[in-house]
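Structure record follows, encoded as structure tokens.
The values are calculated or read from the model by the stated rules, or taken from the named source; none is laboratory data. Computed from a predicted structure; not experimentally measured. Cβ sites come from the backbone with ideal geometry, for glycine too, and all protein chains shown count toward neighbours.
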Ligand code: SF4
């Protein structure tokens, strides 16, 4: 289980969203989570659209102890130089339409350490074919596989002011994707103020200027 999380005040209770490994839970994860939910009297859990797990209605007084038991660090992932979360579809290993192993690519991106804080949350969606089940055009970083390789999209957002991301490059192999993700986030980190999501940054900076700096053209 990754260590990203967020808490949301919800009346008298709190909701905790532990980061998940693209929604993939092992038997060990389930057993551990079941033990924790029993111990803290968590009344319900919910799978989120971001492939994470909400523990609903948790007791505010027990929040610190609960986070500790979940192994959650206090800092947000972007403050630790990591992406906020990665969503990935089942990909070619499990889906008949898949042309690339989306969870394997997602895992590589989730494991990247950028060595410096990122301006704000970076959400990643990895889709194993052009049907695009992970809504990659609406993520800060989106990947879509087709038979010629990966498409890399940057600057999408699905929140209050939605934005379809910009195609940065295509026909990329795995190594080229990881290299280009690093470059995109380096340019974003160099020019964006803290707290500025990638979609708003691209609107200000300009997608053409961004692409030119990332690709060195
Ligand atoms: S994006 Fe394609 S490969 Fe992934 S789950 Fe959807 S249909 Fe299958």
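The residue of region 4-24 that is nearest to residue 88 (Cα to Cα), among those that are crowded, with 16+ Cβ neighbours inside 10 Å and modelled with pLDDT of 80 or more, is 22. Count of region 55-83 residues, restricted to those that are in a strand (DSSP E or B) and more than 20 Å from residue 39 (Cα to Cα), is 0.
Picking from residues in region 67-88 that are surrounded by fewer than 18 Cβ atoms within 10 Å (Cβ to Cβ) and in contact (Cβ under 8 Å) with a residue 24 or more places away in the chain, the one that is farthest from the ligand (Cβ to nearest atom) is 69. Take residue 91 and tell me if it is in the same structural domain as residue 185 (by TED's automatic domain parsing), surrounded by fewer than 17 Cβ atoms within 10 Å (Cβ to Cβ) and at positive phi. No; evaluated as a whole, the condition is false for this residue. Residue check: residue 164 meets all listed conditions (1) surrounded by 23 or more Cβ atoms within 10 Å (Cβ to Cβ); (2) in contact with a helix residue (DSSP H, G or I) (Cβ under 6 Å, 6 or more places away or on another chain) but one, namely (1).
Each row is one residue, and each column tells you yes or no for (1) in contact (Cβ under 8 Å) with a residue 12 or more places away in the chain; (2) within 16 Å of the ligand (Cβ to nearest atom); (3) surrounded by 19 or more Cβ atoms within 10 Å (Cβ to Cβ); (4) in a strand (DSSP E or B).
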site: 115; (1), (2), (3), (4): yes, no, no, no
site: 119; (1), (2), (3), (4): yes, no, yes, no
site: 125; (1), (2), (3), (4): yes, yes, yes, yes
site: 131; (1), (2), (3), (4): yes, yes, no, no
site: 145; (1), (2), (3), (4): yes, yes, yes, yes
site: 151; (1), (2), (3), (4): yes, yes, yes, yes
site: 180; (1), (2), (3), (4): yes, no, yes, no
site: 185; (1), (2), (3), (4): yes, no, yes, no
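Evaluated against (1) touching a residue at least 40 places away in the same chain (Cβ under 8 Å); (2) within 16 Å of the ligand (Cβ to nearest atom); (3) touching a helix residue (DSSP H, G or I) at 6+ places or on another chain (Cβ under 7 Å), residue 58 falls short on exactly one condition, (2).
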